[in-house]
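The values are calculated or read from the model by the stated rules, or taken from the named source; none is laboratory data. None of the values given here were measured: they were computed from a predicted structure. So basically every Cβ, Gly included, is an ideal-geometry build from the backbone, and we count neighbours across all protein chains shown. Surface accessibility is based on the protein's heavy atoms, side chains included, excluding ligands, DNA and RNA. Shrake-Rupley method; radii C 1.70, N 1.55, O 1.52, S 1.80 Å.
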Amino acid sequence: MRLKLCLISALLLSLAISANAQNNEPWYHSTTIYQIYPRSYYDSNGDGIGDLPGIIQKLDYIKSLGYETIWLSPFYKSPQVDFGYDISDYTDIAPEYGTLADAQKLIDETHKHGMKIVFDMVMNHTSDQHPWFKESMSSRTNPKADWYIWADKPNHWSSQIRGTGWHYCKERNQYFWASFLPFQPDLNYRNPAVKKAMFDACRFWLAKGVDGFRLDMINSIYKDSLLRNNTASRRAVARSPETKKYRSTIKGSLNQPETFEFAKELRAVCDSFGDRMLLGEVYGTHPVVKEFLGGQKNNGLGLVFNFEMLRFHYNAKYFSKLVANLEKDFPAPYSPVYVFSNHDRRRSMKRLKDDMARAKLLHVFQLTTRGVSCMYYGEEIGMSDLQIPYKDALDPIGQKYKKVPRWLSELFDETLNRDDLRTPMQWDNSANAGFSTSAKTWLPVNPNYMQINAKTEVKDENSLLLEIQALLLLHKRNKVLHDGSLELIPKQPHGVLAYKRKLNDQEVIVILNFSKKPKEVKLSGTPNSLYQIHKTDKYDAGTVHLSALGAMILGK
Ligand code: NOJ
């Protein structure tokens, strides 16, 4: 793979790559993450479904791009109604993805490639096909009767996807609670045996060498112990001084104080195995996020995945505010996570109207900010959403909604059929984009694969893929980009965002032009050009000249 690195000054290329060893910050505070949706990555056995041996075959590719950490969406045993986010055995593998031996091989091979590997842990709920739930639902007196949340009468809580989360079970003549879909019953963490069982499941994988977990729906782990209704209206809660702190998020089914404690306990479990990552999927902003991080003591999860960023606006003002807020609320040693695509919301490329130039600029921003960058498979080649009709939806959310409801479409350009953004990885321009040899793949391949595919982009010196590869290398090799502080440089021309990264005597300045017009920015000193998107982006006698959607990274 040819590197687009001729512009990177050797001056600042530090060969000491394991940066954090020196500043005592854990490795996961500044890593770059590549998220894989296993079902769609690479099918090694021709059944139309991606699998673990397929991922192992592609480790060279991921390594060559320069990502430091891989996060895998779930591949445990599951009836696959929510494609793995409904687990029926936490310590076994779904047969379509491989075996336990394959999982071990994947962990070991990833390490041999010098990368870390993080699994997805769905601790809030199991599948309704999990033996624990089958037992729990069988009677009110069985040994697992209170492993889930049961009530004689539903209260007024609603599930996270609207509508009640209470579902009737005739065997018990009671209702069980499900924060998400009805086939995903919530576990009852007020029973210590449940917590032990789930922590043991984590230990099982930590002992196999996994470098940590992404934690699904971590806001919901505990519910109000008395299952009380959410009595206060939002406005009343906002007015009340005691509850002001968590005003939009105090609901009996979310953000209970015990859940913040749970985050610390799980951190301790991980710490007993060494330096392991915990990345929480947390809905909410400061101060709830801060609680998940462990508050002042910073002894909680360590990292929080910010869902709101997935609906970013593409302009300098938005990104400037985003950085300013994160730096204010989560200054070092806290570490923000920058994420613009995942398996739940529209791909960034779709939001960028399939414009590669915009995507390049977005990733210069993402890979030069302070903290962790998290990218979704295919984002490196500019994969976009495929509009799959709701009537064909395999995604249970797509099946439930059948179309985007008006309240949502008025707020965002969003899809509720997540199949659109989970289509197979586009490897090359052969049949099925090189993903599978099967006649039929589990989801259709996006027909744009003839142009948008990894093999083509590796050979195209102007491709997004080579851009991202170069940026990942720049990030990895420059300690200041990995670990340095970040300070916004105010008073930029309209549409321009600029910031400084600093570490000891190293300083890097990043200047990004989000507008469609060329811009000029004054800069004192005689900085070295480390990186530029376009040939026309240049520094000349105290002025940085940026083309439309141009960017420069300059070292001092
Ligand atoms: C959040 C996950 O990201 C999503 O894919 C899943 O459907 C729900 N949690 C339920 O586990």
Inset, instruction - Could you please let me know if residue 373 is in contact with a strand residue (DSSP E or B) (Cβ under 8 Å, 6 or more places away or on another chain), surrounded by 21 or more Cβ atoms within 10 Å (Cβ to Cβ), modelled with pLDDT of 95 or more and among the polar types (S, T, N, Q)? - result: yes
Inset, instruction - Could you tell me which numbered condition residue 439 fails, if it satisfies all but one of (1) within 16 Å of the ligand (Cβ to nearest atom); (2) farther than 30 Å from residue 485 by Cβ; (3) among the hydrophobic types (A, V, I, L, M, F, W, C)? - result: (1)
Inset, instruction - Answer yes or no as to whether residue 64 is out of contact with any Gly (no Cβ under 8 Å at 6 or more places or on another chain), closer than 30 Å to residue 473 by Cβ and open to solvent by 10 Å² or more (accessible area, probe 1.4 Å). - result: yes
Legend entry - Hits in the range 178-195 - residues which are more than 14 Å from the ligand (Cβ to nearest atom) and within 29 Å of the chain's Cα centre (by Cα): 188, 189, 190, 194, 195
Inset, instruction - Starting from residues that are in contact with a Ser or Thr (Cβ under 8 Å, 6 or more places away or on another chain) and touching a residue at least 60 places away in the same chain (Cβ under 8 Å), keep the ones in the range 316-344 and report whichever is nearest to residue 363 (Cα to Cα). - result: 341
Inset, instruction - Using the structure shown, decide if residue 423 is crowded, with 18+ Cβ neighbours inside 10 Å, assigned to a loop (DSSP other than H, G, I, E, B) and either within 16 Å of the ligand (Cβ to nearest atom) or in the same structural domain as residue 363 (by TED's automatic domain parsing) (or both). - result: yes
Inset, instruction - Those residues that are touching a residue at least 60 places away in the same chain (Cβ under 8 Å) and within 16 Å of the ligand (Cβ to nearest atom), I need them from the range 155-177; list them, please. - result: 160, 161, 165, 177
Inset, instruction - Could you tell me whether any residue of the range 378-388 is away from the ligand (no atom under 16 Å from the Cβ), in contact with a Ser or Thr (Cβ under 7 Å, 6 or more places away or on another chain) and of a type in the set (A, V, I, L, M, F, W, C)? - result: yes
Inset, instruction - State whether one or more residues within the range 534-546 are under 26 Å from residue 321 (Cβ atoms), hydroxyl-bearing (Ser, Thr, Tyr) and either without any contact (Cβ under 8 Å) to a residue 40 or more places away in the chain or not assigned by TED's automatic domain parsing to the domain that holds residue 425 (or both). - result: no
Inset, instruction - Could you grab me the full set of residues in the range 374-419 that are hydrophobic (A, V, I, L, M, F, W, C), in a loop (DSSP other than H, G, I, E, B) and within 19 Å of the chain's Cα centre (by Cα)? - result: 383, 416
Inset, instruction - Please report, ordered by residue number, the strands (runs of 3 or more DSSP E) entirely within the range 68-154 with at least 2 residues that are under 23 Å from residue 266 (Cα atoms) and within 15 Å of the ligand (Cβ to nearest atom). - result: 69-72, 116-121
Inset, instruction - Residues being crowded, with 18+ Cβ neighbours inside 10 Å and either at pLDDT 95 or above or part of a loop (DSSP other than H, G, I, E, B) (or both): count how many of those fall in the range 234-259. - result: 6
Inset, instruction - State whether one or more residues within the range 527-542 are among the small types (Gly, Ala, Ser) and under 25 Å from the mean Cα position of the chain (by Cα). - result: no
Inset, instruction - Quickly run through the range 392-432 and pick out the residues that are charged (D, E, K, R) and at pLDDT below 95. - result: 400, 402, 403, 406, 410, 413, 414
Inset, instruction - Identify, by number, the condition in (1) modelled with pLDDT of 95 or more; (2) within 26 Å of residue 476 (Cβ to Cβ) that residue 20 doesn't meet. - result: (1)
Inset, instruction - Give the range 376-400 a look and list any residue that's open to solvent by 50 Å² or more (accessible area, probe 1.4 Å), over 25 Å from residue 55 (Cβ atoms) and either touching a residue at least 60 places away in the same chain (Cβ under 8 Å) or in contact with a helix residue (DSSP H, G or I) (Cβ under 9 Å, 6 or more places away or on another chain) (or both), or say none. - result: 387, 390, 392, 399, 400
Legend entry - Hits in the range 196-229 (condition: out of contact with any Pro (no Cβ under 9 Å at 6 or more places or on another chain), more than 19 Å from residue 167 (Cβ to Cβ), more than 16 Å from the ligand (Cβ to nearest atom) and not charged (D, E, K, R)): 197, 199, 202, 204, 205, 206, 207, 209, 210, 212, 225, 226
